[in-house]
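I have placed the structure first, in the form of structure tokens, so that the comments after it can refer back to it.
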Amino acid sequence: MAIYLGLDLGEKRVGVARSDETGTIAEALTTLTYKSRADLLKQLKDCVESLRPAKFVVGLPKTLRDEEGIAAQKVIKVVDWLKSEIPGEWVLWDERLSTAEAERVLLEADLSREKRRTLRDRLAAQRILQSYLEASKHD
């Protein structure tokens, strides 16, 4: 099997996770902080170069009514642009509540606000990717 890269796209930060080579376990990797699209692209290309993922799984922030609101439309727009810049298979995956769930886990771990902020996005990416991996086992 191949490595998959999970992304939790935000307007200033991107949480990054990767799968193991068996496609079973997602691991939180890092959080990319960027100021421009060019900056984001460079950092993502660096990740791609080192990990060589076969697939990108990007969290799609649907509303609780299962609709694509403004946040989801922004993610789709960025992913469409990234597809033109980074070749590979791109999958949009429902991420409803992944960031809130990550925050809850970090609060339960009694981490400081600063530590939670640095870990939240990568943990959300890990949860998005893990959800995708588990659902894909049944395909």
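Provide a single number: the residues in region 35-73 that are under 21 Å from Q126 (Cα atoms), touching a residue at least 40 places away in the same chain (Cβ under 8 Å) and not aromatic (F, W, Y).
Going through region 35-73 one residue at a time, the tally reaches 13.
May I ask you to list the residues in region 45-56 that are under 16 Å from S19 (Cα atoms) and either assigned to a helix (DSSP H, G or I) or touching a helix residue (DSSP H, G or I) at 6+ places or on another chain (Cβ under 7 Å) (or both)?
Within region 45-56, C47, V48, E49, S50, L51 meet the criteria.
Surrounded by 15 or more Cβ atoms within 10 Å (Cβ to Cβ), in contact with a helix residue (DSSP H, G or I) (Cβ under 7 Å, 6 or more places away or on another chain) and either of a type in the set (S, T, Y) or modelled with pLDDT of 85 or more (or both): which single residue out of L29, L40, L106 fits that description?
Step by step, each of L29, L40, L106 is checked, and only L29 is surrounded by 15 or more Cβ atoms within 10 Å (Cβ to Cβ), in contact with a helix residue (DSSP H, G or I) (Cβ under 7 Å, 6 or more places away or on another chain) and either of a type in the set (S, T, Y) or modelled with pLDDT of 85 or more (or both).
Answer yes or no: is there a residue in region 63-83 that is at pLDDT below 90, touching a Gly at 6+ places or on another chain (Cβ under 8 Å) and of a type in the set (G, A, S).
No.
For E89, work out the one condition from (1) of a type outside the set (V, I, T); (2) surrounded by 17 or more Cβ atoms within 10 Å (Cβ to Cβ); (3) at pLDDT 95 or above it doesn't fulfil.
Tallying (1) of a type outside the set (V, I, T); (2) surrounded by 17 or more Cβ atoms within 10 Å (Cβ to Cβ); (3) at pLDDT 95 or above, E89 fails exactly one: (2).
For the structure I just gave you, tell me whether I86 is within 15 Å of R127 (Cβ to Cβ) and over 14 Å from the mean Cα position of the chain (by Cα).
No.
The values are calculated or read from the model by the stated rules, or taken from the named source; none is laboratory data. None of these values were measured; they are calculated from a predicted model. Because the Cβ atoms are built from the backbone with ideal geometry, glycine has one as well, and the counts that use them run over all protein chains shown.
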